[in-house]
Amino acid sequence: MSKSKFEQLTEKELALYKAKNKDYTFGGSEYGNFERVSAIKKLYPDMDWATPVGVCLGYLLKQFDSAFWMLSNGYEGEVEGIDERLADVGVYTKIARILHKERKC
C-alpha cells in the first residue's frame, strides 16, 4: 500500500528535522541550541526580545551559536555549514542595524 500524502510530508519533515537538528546539536543535547540561546538571552533580562530588533538579534544568536557549536565540535554541518551560518549572522546584523536606526526596537 502506498503512503498517503500526509505521511509523505511527515517523513520529509522528519528527515529535515533530523538533518538540521544534527547541525544545531551535534554531539550534544537534542535541544541544545534552544538551551544555549535561552541562557544567553537570560544574561539580558531588561532586553525586550519581542521587538523587531530583539527578534532579529534572537535569530542572529541562533546562527552564531550554531557556528560556535560546530567549530567547538570540529563539525562542518550537513544542511548549512559554518560559512552559511556566519553569512546569516552578517545578514541579521545589517537588518538589526536598519531596524535600530529606524527606531523599530
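The residue of region 57-105 that is farthest from LEU16 (Cα to Cα), among those that are open to solvent by 60 Å² or more (accessible area, probe 1.4 Å) and of a type in the set (Asp, Glu), is GLU102. Here GLY27 fulfils each of the conditions (1) at negative phi; (2) at pLDDT below 95 apart from (1).
Remark: pairs (first residue in region 33-45, closer than 16 Å to ALA67 by Cα; second residue among the β-branched types (Val, Ile, Thr); Cβ separation under 9 Å; 6+ apart in sequence or on different chains) = ASN33/THR25. Failed condition for CYS56, given (1) over 17 Å from ALA96 (Cβ atoms); (2) of a type in the set (A, V, I, L, M, F, W, C); (3) outside any loop (DSSP other than H, G, I, E, B), with all others met? Just one mismatch for CYS56, condition (1).
Sort out which residues of region 71-105 are hydrophobic (A, V, I, L, M, F, W, C) and free of Cβ contacts under 8 Å to residues at least 12 places away in the same chain, and write them in order of number. Can you show your working first?
At the first step, the residues of region 71-105 found to be hydrophobic (A, V, I, L, M, F, W, C) are 71, 79, 82, 86-87, 89, 91, 95-96, 98-99, 105.
Passing the criteria: LEU71, ALA87, VAL91, ILE98.
Taking the residues in region 11-30 that are part of a helix (DSSP H, G or I) and touching a Lys or Arg at 6+ places or on another chain (Cβ under 9 Å) as candidates, determine which candidate is nearest to VAL79 (Cα to Cα). Residue satisfying both the conditions and the ranking: ASP23.
The values are calculated or read from the model by the stated rules, or taken from the named source; none is laboratory data. This one's a predicted model, so the numbers in the text were calculated from it and none came from an experiment. For neighbour counting, all protein chains shown are included, and Cβ atoms are generated from backbone atoms with ideal geometry for every residue, glycine included. All accessible areas refer to the heavy atoms of the entire protein, side chains included, with ligands and DNA or RNA removed. Shrake-Rupley method; radii C 1.70, N 1.55, O 1.52, S 1.80 Å.
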